[in-house]
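Read through the structure below, which is laid out as C-alpha cells, and then see the notes.
The values are calculated or read from the model by the stated rules, or taken from the named source; none is laboratory data. Quick caveat: nothing in here was measured; it's all calculated off a predicted structure. Positions of Cβ are generated from backbone atoms using ideal geometry, with glycine treated the same way; all protein chains shown enter the neighbour counts. Note: areas computed on protein heavy atoms with side chains; ligands, DNA, RNA excluded. Shrake-Rupley method; radii C 1.70, N 1.55, O 1.52, S 1.80 Å.
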Amino acid sequence: RVVRLTASGGVDPTFNALGGGPNDRVYAVAVYPSTSAQHANKVLIAGSFTSVDGQIRNGLARLNVDGSVDTTFTGLGTGANDAVFAVALTASEQILVGGAFSMVDIYSRNGVARLNADGSVDTSFDPGSGTDNSVYAITQDANGSILIGGVFTSYNGNRRMGVARLLSYGVLDTTFMDTTYNHFAGI
C-alpha cells in the first residue's frame with residue numbers, strides 16, 4: 001500500500017523491500033525535507049491502518065528512508081481512534097493531522113491535532129471540541145496559521161462550512177470567513 005517511484009517512474013525495489021507495509025489504506029503522505037537534521041527524507045504515512053510491518057501504528061507511522069518503520073517514532077501512544085486523512089509538516093517539524101478521529105492517544109482531538117516530532121500529542125495546540133465531521137486537508141501557512149478543509153459544518157461550536165483557519169495554538173481564527181453575514185440569505 002506504499003511504494004516509492006524512481007525518477008523514471010519505475011518502482012524503487014530498495015524501498016520497503018523486506019516489510020509487509022500497512023495493513024489497510026494510506027490516504028496521505030508527507031516527506032521530510034532533505035535538510036532536516038534528524039529526519040532527512042523520512043516519510044510520514046497516514047490512513048486507516050492499525051499496523052505497519054506488524055508493528056501497531058494506528059493511523060500514522062513514520063518510515064525510514066528505506067521504507068522500514070521508524071522505531072524512534074514512539075510518542076504516539078495508542079494513535080488515532082479512526083482514519084487519518086491528511087498529514088502535513090510544519091517548519092519546526094511538528095506534525096499536523098486531520099481526519100475522522102475523535103481521540104489521538106489519550107487526548108480528545110475531534111478531526112484535528114498537532115503532534116511533536118516524536119509523535120506525542122502537542123498539548124499546547126488545543127482545538128477545543130474541534131470539528132463535527134472529518135478533515136481531509138491540512139496545511140500551515142507562512143504566518144503560522146493552520147488551514148483545514150473537509151466535510152465539517154462547525155469548528156469548536158462555530159459555524160464553518162468545510163473550511164476554517166486556526167491560530168497556531170488551535171483556536172479558530174474568527175477574522176477568516178466571519179459567519180456573521182449569511183451570503184445565501186443576503187442578511
Which of the residues spanning the range 1-48 are over 22 Å from ARG114 (Cβ atoms) and not in a loop (DSSP other than H, G, I, E, B)?
LEU5, VAL11, PRO22
Is it the case that the range 130-142 has a residue that's free of Cβ contacts under 8 Å to residues at least 24 places away in the same chain and within 26 Å of HIS39 (Cβ to Cβ)?
yes
For the range 69-97, enumerate the residues that are open to solvent by less than 40 Å² (accessible area, probe 1.4 Å), part of a loop (DSSP other than H, G, I, E, B), within 17 Å of LYS42 (Cα to Cα) and of a type in the set (Gly, Ala, Ser).
GLY75
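Sort out which residues of the range 4-33 are under 27 Å from VAL97 (Cβ atoms), of a type in the set (Gly, Ala, Ser) and more than 20 Å from the chain's Cα centre (by Cα), and write them in order of number.
Step one: list which residues in the range 4-33 are under 27 Å from VAL97 (Cβ atoms), which gives 4-5, 12, 15-16, 19-33.
Subset that is of a type in the set (Gly, Ala, Ser): 19-21, 28, 30.
Listed by number, the residues that qualify are GLY19, GLY20.
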Options ASP141, ASP132, ASP105; residue that is among the acidic types (Asp, Glu), in contact with a strand residue (DSSP E or B) (Cβ under 7 Å, 6 or more places away or on another chain) and within 19 Å of PHE49 (Cα to Cα):
ASP105
Consider only pairs whose beta carbons are under 9 Å apart and that are at least six residues apart or on different chains; among these, list those whose first residue lies in the range 91-106 and is polar (S, T, N, Q) and whose second residue is in a loop (DSSP other than H, G, I, E, B) and open to solvent by 10 Å² or more (accessible area, probe 1.4 Å).
SER92/ALA117; GLN94/ASN116; GLN94/ALA117; GLN94/ASP122; SER102/ASN81; SER102/ASP82; SER102/ARG109; SER102/ASN110
Take the range 1-38 and flag every residue that is within 16 Å of ASN64 (Cα to Cα) and among the polar types (S, T, N, Q).
THR14, ASN16, SER34, THR35, SER36, GLN38
Among the residues of the range 149-163, is there at least one that is in a loop (DSSP other than H, G, I, E, B), open to solvent by 40 Å² or more (accessible area, probe 1.4 Å) and within 30 Å of GLN38 (Cα to Cα)?
no
